[in-house]
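Asks: My questions will all concern the structure given below.
The values are calculated or read from the model by the stated rules, or taken from the named source; none is laboratory data. Just so it is clear, the model here is predicted, and its values are computed rather than measured. Here the Cβ positions follow ideal geometry from the backbone for every residue, glycine too, while neighbour counts run over all protein chains shown. Ligands, DNA and RNA are stripped out before the accessible areas are found, and what is left, the full protein with its side chains, is counted by its heavy atoms. Shrake-Rupley method; radii C 1.70, N 1.55, O 1.52, S 1.80 Å.
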Amino acid sequence: MKKILIIACCLFATKLFAQTNSVTVHKDPRVDSLVSKQIQINEETTRDSRRNIPGYRILVITSNDRNKVFNVKAQIYQEYPELKPYIMYQPPNYKLKLGNFKTQDEAQIYSDKLIKLYPTGVYIIHDVIEVKPD
């Protein structure tokens, strides 16, 4: 019984001493510069994708008369300069969309005001909107 205990102690001691060895890692200093360069590249390439998110815009007019759409744009810009206008051409029509709203409730506030000016049809639509990155 003593022999088994002595053998077990010897095995335990050799495992204990074997685990005290240390490993030294020598890192190439160029790795840090590569990591920082990759961070910079990732920042630049994802900047545009963080500026565009799903949201809402207000569709004010759809017409095949370009001048009419641009006149409406000028009138709205005088009345509401904080709303950024977007004119889209989808043949044969021009569409005037306004604003960058994250929620439908934000768009509804301006929609109610614009319906008074343009009762023929003002619609809140889903669109990809521009936001300022934080």
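Asks: Could you check how many residues of segment 112-134 are within 18 Å of Lys102 (Cβ to Cβ) and open to solvent by 90 Å² or more (accessible area, probe 1.4 Å)?
Replies: Residues meeting the conditions: 4.
Yes/no matrix, rows are residues, columns are (1) free of Cβ contacts under 8 Å to residues at least 40 places away in the same chain; (2) within 14 Å of Val60 (Cα to Cα); (3) over 21 Å from the mean Cα position of the chain (by Cα):
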position	(1), (2), (3)
Ala74	yes, yes, yes
Leu83	yes, yes, no
Pro91	yes, no, yes
Leu98	no, yes, no
Phe101	no, no, no
Lys113	yes, yes, yes
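Asks: Kindly provide the set of residues from segment 99-134 that are part of a loop (DSSP other than H, G, I, E, B) and either of a type in the set (Val, Ile, Thr) or farther than 30 Å from Glu43 by Cα (or both), ordered by number. Outline the logic, then answer.
Replies: If we filter segment 99-134 for residues that are part of a loop (DSSP other than H, G, I, E, B), which is where we start, we get 102-103, 118-122, 131-134.
Within segment 99-134, Thr103, Tyr118, Pro119, Thr120, Gly121, Val122, Val131 meet the criteria.
Asks: Could you count how many residues in segment 78-98 are of a type in the set (S, T, N, Q) and part of a strand (DSSP E or B)?
Replies: First, the residues of segment 78-98 that are of a type in the set (S, T, N, Q): 78, 90, 93.
Subset that is part of a strand (DSSP E or B): 90, 93.
Summing the residues that are of a type in the set (S, T, N, Q) and part of a strand (DSSP E or B) in segment 78-98 gives 2.
Asks: Go through Tyr86, Tyr94, Tyr77, Tyr56 for me and flag whichever is at pLDDT 85 or above, touching a Pro at 6+ places or on another chain (Cβ under 7 Å) and aromatic (Phe, Trp, Tyr).
Replies: Tyr77
Asks: Condition first: open to solvent by 100 Å² or more (accessible area, probe 1.4 Å), farther than 12 Å from Leu114 by Cα and not aromatic (Phe, Trp, Tyr). Now tell me which residues in segment 71-89 satisfy that.
Replies: The answer is Gln78, Glu82.
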